[in-house]
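S.K.: Okay, here's the structure, questions in a sec.
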Amino acid sequence: MREYKSDEIRNIAVVGHGASGKTTLVDALAFVSGSSKRRGTVKDGNTLTDTSPEEVSHGYSISLGCAHAEWKDAKINLLDTPGYADFAGDAIAGLVAADGALVAVGATGGVEVGTERMFREAVKRKDPVLFVVTMMDKETADFDRAYAAIKERLTAKVVPVEIPIGAGAEFRGIINLLTRKAHLFKPGTKSGEFTEAPIPKEEEARFKRYHAEMVEAIAATDDDLLERFFAEEELATEDEVRAMKNAMKEAEIFPLLCCSAQLTYGIPTVLDLLVQLMPNAYEMEELHALKGAEGNRTVEIHAKEDAPFAALVFKTTAEPHVGEVTFFRTMSGTVANGAEVYNATRGAPEKLSHLAIPQGKERIEVPRLYPGDIGCVAKLRGTHTNDTLSTEAHPVRLPQIPFPDPLVSFAIEATARADEEKLQNGLHRLHDEDPTIQTHFEPETHETIIEGLGERHLDIALARLERQFGVKATLRAPRVPYRETLLGAAEGQGRHKKQTGGKGQFGDCWIRIKPAPRGTGYQFVDKISGGVIPRQYVPAVDKGVQEAAERGVLAGFPVVDFTVECFDGSYHSVDSNEASFKMAGILAFKTLAPKCKPALLEPLMTVEVFTPDAHMGDVLGDLSGRRGQILGTEPSPDGLGTIVKATVPMAELHLYATKLQSMTHGYGTVKYRFQGFEMMPAEAAAKVAQAS
């Protein structure tokens, strides 16, 4: 394929709710343009961008897919994003790599929670947005209903530029409001072929109504066109397109199209309008990047060929027999095949051998990439998602993709003990590919914890671990890191004496245990006087007490927030040593702690829950049922609902995000922050002690 320069490139993220037809749409756009030589279907598992075994078996997108369509002297890079919230990280990465969003709205399902989420994310990023009502050939398809839902739930600035002729089995054409012509599709067409014809008489009234709506909306964004509109002058199509493109940049207009990707009906017009209305890579807003390894100042990054090379890695995948494949968006400068570049994030050089552009799972090698294009390369040594590639002479670090924080966590362990090392290596690789999968080792509970955006997200992670790394693993609820404390005081002796025929062991200490204020931890006070315990042995008593306290009194959890005073004792000139006094400290604590009214403390989390107002009662009731204490409520900044702040015991929050999604029909979100430890109710504490 030929080289494309910045002003010929369009980068489009195809976003929307799961099952809204995004993958089929991308497949059709690439095929109709001639850039892909075969059509695939989700049902048959052979679409252009859903290529992993997990995507094929589940029938929906799990990760970001990259493809392109060459159309009318332009190259349209198409980023097929997952629609379900469990895989939102890849959807956000797609928006970051793109300059505009094509929001798919199913003609049967209409606006759903994923549609809203991704539309608002695109608007927040100030990306121009095109809507397309997909699946117009499906039974119960209704363009007017989908349009009304967009207008009511997303934006009043949506403006149809196409309307369908017929729906469902009767869908046979579209009316292009810009050209004022009807496109009547040829039955059985494989590439969206149509006959351009005058508008059918039975559709004239609808055309006039929608056309007047479109012209008025366009004219309202341009003073010159508005003056001509009021003079009842007919506007030229070229003027309408120019004004609409400018208005899209300012989020003043959101054009609406329609199509059937399965039949390829309307696909050529979608391609036309992507080229005409979406910004090219050269028109992208400048980025502000950190310059130098220390990030001591910021610089502007522009899509200029003569600027130093800079690119953001937005995705990495592992492929059999190939290894890791790195996908990046060039932001400035050109890069040639075989070039030596510099990973400014990690301070390491890399060589871009076999530079290519992606077309689904295929890669087409190219000699050079220009600013704004999307490329990929295999077998980089140490480059991962969110890294910046630049030059060593001009190192910069681009703004990172704001991946969402994990919402659910599980303890994970290999089914076979011999696979533990393979499991750790596999988890590390999964995180490199998908930063929304996070893992860490919890030393208190001796568990490896895996975190993700949802249960479905982690189920897919398990499948990938087995397929890519040959390790089977299981998930279970993580243990809660409770604490124990002491509410009363006591004093007494710890005496360790052992005679074995030779040199014996002798350590003797008297300690006093007192409760301390919450959060102060542990304090040891040396009150030995007169040398009853030699100075070098007193720290051993302290170590013994701490070791015993780590093992707990009630349920085996560490004891905190208490003070120990060592005030008396005795020693033997031959048999005493540090080990003996450490054992004396252990015995003293074990003897006295049960007399000090031991109690369980549980970790508390502060939660911030966003909920639509319609579900407020359910959310408040559920939090109260989890022993939560409501701290207050306030309207959300976007005006779309309410934020509830509460403190909730950690033990009550496992899979809370999943429950919240169910209660709020997918609209609720939650953020967690550790607050501290608090006394546990006696009944709940007894259950924990009994289970330990």
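We did not get these values from a lab; they are worked out from the coordinates using the rules stated. As the structure is a computational prediction, the values presented were derived from the model and not from experiment. As a convention, Cβ positions derive from the backbone with ideal geometry for all residues, glycine included, and neighbour counts pool all protein chains shown.
S.K.: Considering Cα pairs under 8 angstrom that are at least six residues apart, work out the relative contact order of the chain and quote it in whole percent.
M.R.: 10 percent
S.K.: OK, next. Where Lys and Arg each count +1 and Asp and Glu each count -1, what net charge lies around D419 among other residues with Cβ under 11 Å from its Cβ?
M.R.: With Lys, Arg at +1 and Asp, Glu at -1, the neighbours total -1.
S.K.: Between their Cα atoms, which of K157/K181; K304/K351; K151/K361; K22/K645; K37/K472; K595/K645 are more than 27 Å away from each other?
M.R.: K151/K361; K22/K645; K37/K472; K595/K645
S.K.: Within segment 387-419, find all residues whose amide N lies under 19 Å from a label point positioned 7 Å from the Cα of N296 along Cα-to-beta-carbon.
M.R.: Counting only backbone N, you get 391-398.
S.K.: Right, here's the next one. Within a Cβ distance under 10 Å of D575, other residues only, what is the Lys/Arg minus Asp/Glu net charge?
M.R.: My count for the surroundings of D575 gives +3.
S.K.: Hey, another quick one. Take D224 and H428, extend 7 Å from each Cα along the Cα→Cβ direction, and tell me the distance between the two endpoints in nm.
M.R.: 6.1 nm
S.K.: Now, a different point. Give me H17, H572, H496 ranked fewest to most by other Cβ atoms within 10 Å of their Cβ, as a rough exposure proxy.
M.R.: Fewest-to-most ranking of H17, H572, H496: H572, H496, H17.
S.K.: Taking the simple approach of a point 7 Å from Cα along Cα-to-Cβ for both S191 and D526, what is their distance in nm?
M.R.: My value for the distance between the label points is 8.9 nm.
S.K.: Taking N as the number of residues in segment 408-476, what is its Cα Rg relative to 2.2 N^0.38 Å?
M.R.: 0.98
S.K.: If you find the alpha carbon centre of segment 501-532 and of segment 618-676, how far apart are they in angstrom?
M.R.: 45 Å
S.K.: Oh, and also: If you take every DSSP beta bridge fully contained in segment 408-476, what fraction is antiparallel? Give it as a percent rounded to 5.
M.R.: So the antiparallel bridges in segment 408-476 amount to around 100 percent.
S.K.: Quick check: Cα centre of segment 439-477 to Cα centre of segment 370-437, how many Å?
M.R.: If you average the Cα positions of each part, the centres end up 16 Å apart.
S.K.: In addition: Answer with a single label: of (i) 69, 56, 51; (ii) 76, 72, 63; (iii) 110, 58, 47, which was calculated as Cα extents along the principal axes in Å from the structure in view?
M.R.: Label of the calculated value: (iii).
S.K.: Still on this structure: Within the set of other residues whose C-beta is less than 12 Å from the C-beta of L640, count the net charge using Lys and Arg as +1 and Asp and Glu as -1.
M.R.: Once all neighbours under 12 Å are counted, the net charge is 0.
S.K.: Related question: Using only DSSP helix segments of four residues or longer, with each worth -39500 (n - 2.57), what per-residue ellipticity at 222 nm results for the chain after dividing by its residue count and rounding to 500?
M.R.: So the calculated ellipticity at 222 nm is -8000 deg cm²/dmol.
S.K.: Next up: What share of the DSSP beta bridges in segment 469-575 is antiparallel, in percent to the nearest 5?
M.R.: Bridges in segment 469-575 are about 70 percent antiparallel.
S.K.: Let me ask another. Please list, or write none, the lysines whose alpha carbon is within less than 25 Å of the alpha carbon of K503, excluding same-chain residues fewer than 8 places away.
M.R.: Candidates past the 8-residue exclusion: K543, K582.
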